[in-house]
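Okay, so here's the structure we're looking at.
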Amino acid sequence: MTFTAPLREELRGVEPYGAPQIDVPVQLNVNENPYGPSEAVVADVAAAVADATRTLNRYPDREFTALREDLAAYLGHGVTPAQVWAANGSNEVMLQILQAFGGPGRTAVSFAPTYSMYPEYARDAMTDWVVGHREEDFSLDVAHAVEVIAKHRPSVVLLPSPNNPTGTALPPATVTAVCAAAAEVDGIVVIDEAYGEFRRAGTPSALEVLAETPNLVVSRTMSKAFALAGARLGYLAASTEITDALRVVRLPYHLSAVTQAVARVALRHADELLARVDDLRAERDRTVSWLRGQGLTVAESDANYVLFGRFADRHAVWQGLLDQGVLIRETGPDGWLRVSVGTPAEMTAFHTALTATLGRGLG
Ligand SMILES: *Cc1c(COP(=O)(O)O)cnc(C)c1O
């Protein structure tokens, strides 16, 4: 019997997305938080998981009521539990958004360089994908954004702030203007604040304008600031009209009892986990200065990574670092590389490896 699996036409020959998972001593490629939890947090998580295990014969709370309350309290800004939605990582949250608000005959828009997963969610939700552009300094020109939105009439606009891979945060006036333009065409705007907690002082969150902006969605994750990438918990705040729509497309019991329990413990320990964020922000600023000191071009960053360049052969530089046990990310516009901010020891290893690589005339 000969058989060819009836794969969707647009998926034929497509490689699964993902950064290389290479086991090297210094991993600075996927913007993870380099600090694992303290033993006190480990013990609390273990106890909460043990407790959840006692009732694993039952399905979990489908509405994750307690977790929603905790997330709303964490976000502040008057966000109510009914305005919160969560799923297994903000990647799943974003797919659910496109399942509910995208779909055949509809369009999702972003502005490049942007998060490389967005076109994949659009494809998986059979939504057309259109990208405008960002400026030379990676800021977003409001007039251009408004023009793209008016022309393509997207039902969903996806904008990371701070932007991945550039680190650029959007000013509130830009968020408001993009939301107004999208409202004209009945579109929603997702401000993806996956790195929101790493913002520099004085950079506001889009949460500040949430109450008066009914088509705004602010997305967050526990993967980065909370050092919880392995637990898979992403969430958002939006109007209840939007969160209620997401309840329609989610799989039943999509958030396991274990996930809910672990996330709640992490939120209880927010002070300890977020204290490391300040260390990382300081290390980020030191990394920007150091790279500039090497004569490199460096994008302003409000995130826990830094985009730098520009190299005639960025792959040679990436490989030169990897050969010395330092894994960074070959991403962003041609000629640029992105390094995640690690511990001081990891950043010293990065400095040493980059100096040696550039000293050999690579790049
Ligand atoms: C890391 C990241 C996410 C979060 O992914 P999770 O699925 O929550 O781990 C979302 N958006 C951007 C732009 C990211 O870089």
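Nothing in this text is a laboratory measurement; each read-out follows from the coordinates by a stated rule. Bear in mind that the values here come from a model prediction, so they are computed numbers and not experimental data. In this analysis, Cβ positions are derived from the backbone assuming ideal geometry, glycine residues included, and neighbour counts consider all displayed protein chains.
Below, the figures for the structure above:
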| item | result |
| --- | --- |
| Prolate/oblate/rounded call for the range 72-177, Cα gyration tensor, a/c under 1.5 rounded | oblate |
| Highest-MSF residue in the chain out of 84, 209, 14 [GNM, Cα springs under 10 Å] | 14 |
| Furthest towards positive pole of dipole, 221, 113, 159, structure part the range 39-268, Cβ charges | 221 |
| Separation between Cα centres of the range 264-329 and the range 184-262, rounded to whole Å | 24 |
| The chain: radius of gyration over Cα atoms, expressed as a fraction of 2.2 N^0.38 Å | 1.01 |
| Span per principal axis, largest first, for the Cα atoms of the range 121-242 (Å) | 40, 31, 29 |
| Fraction of antiparallel bridges per DSSP, the chain only, in percent to nearest 5 | 45 |
| Gyration tensor (alpha-carbon) shape descriptor, the range 301-358, a/c threshold 1.5 | oblate |
| Trypsin sites (Lys or Arg not before Pro) within the range 304-351: DSSP coil, no more than 15 neighbouring Cβ in 10 Å | 310 |
| Computed [θ] at 222 nm, deg cm²/dmol, the chain (DSSP H ≥ 4; -39,500 (n - 2.57); rounded to nearest 500) | -12000 deg cm²/dmol |
| Convex hull of Cα atoms in the range 212-314, direction-averaged projection (nm²) | 10.2 |
| Unit charges on C-beta of K, R, D, E only; dipole of the chain, Debye | 420 |
